[in-house]
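Here the structure is laid out as structure tokens; the discussion comes afterwards.
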Amino acid sequence: MRLYLYGAVLAAIALPAAAQEAPIQQTIASQLEAFNAEDVPKAWTYASPTIKGIFGTPDQFGVMVQKLYPMVWRHDAVRMLELRTVAGNLWQRVMITDAGGRTYLLDYMMIETADGWQINAVQLLPQQGVGA
């Protein structure tokens, strides 16, 4: 009985994270699709108010993505990995393969707003096996 109760408690704790996973992943996938279509105004709609405040306009945002995140701007494949909480923030890890076949890992910080889930930051992770 105790083991059953423990399992039920664990399932109840995991349920909210699992419920968030699909809409978070859909937000990221939708922004990536917009970038591949060069629809910067649509990609802009998935950015958080903080990101919009930093870049000011969809055009400036698009230029930044093209220059700093070319694998996001043009990609061939996307694979959603784990969703985790770090210091109270939700981070979705994403594996992106660019047109040249190179694979990158990125972390997307997600926030929930009145408009739904939005992207609040993106970090390009260092490639494995590369270092000084």
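Readers should treat all values here as calculations from the given coordinates under stated rules, not as data from a laboratory. For clarity, every value in this text was computed on a predicted model and none was experimentally measured. Reconstructed Cβ throughout: ideal geometry from the backbone, glycine too, with neighbour counts over all protein chains shown.
Side notes on the structure shown:
- Which numbered condition residue 71 fails, given (1) in contact with a strand residue (DSSP E or B) (Cβ under 7 Å, 6 or more places away or on another chain); (2) closer than 19 Å to residue 22 by Cβ: (2)
- Close pairs (6 angstrom Cβ cut-off, 6 or more residues apart or separate chains): without any contact (Cβ under 8 Å) to a residue 60 or more places away in the chain in the stretch 79-94, among the hydroxyl-bearing types (Ser, Thr, Tyr) and surrounded by fewer than 18 Cβ atoms within 10 Å (Cβ to Cβ) anywhere: none
- If the condition is being touching a strand residue (DSSP E or B) at 6+ places or on another chain (Cβ under 9 Å) and more than 16 Å from residue 45 (Cβ to Cβ), then the stretch 59-68 contributes only 68.
- Test: residue in the stretch 99-109 that is free of Cβ contacts under 8 Å to residues at least 12 places away in the same chain, touching a strand residue (DSSP E or B) at 6+ places or on another chain (Cβ under 7 Å) and not small (Gly, Ala, Ser): yes
- Condition check for residue 128: over 19 Å from residue 35 (Cα atoms) and either touching an Asp or Glu at 6+ places or on another chain (Cβ under 6 Å) or part of a loop (DSSP other than H, G, I, E, B) (or both): yes
- The stretch 15-70, subset of a type in the set (A, V, I, L, M, F, W, C) and in contact with a Pro (Cβ under 6 Å, 6 or more places away or on another chain), residue nearest to residue 90 (Cα to Cα): 44
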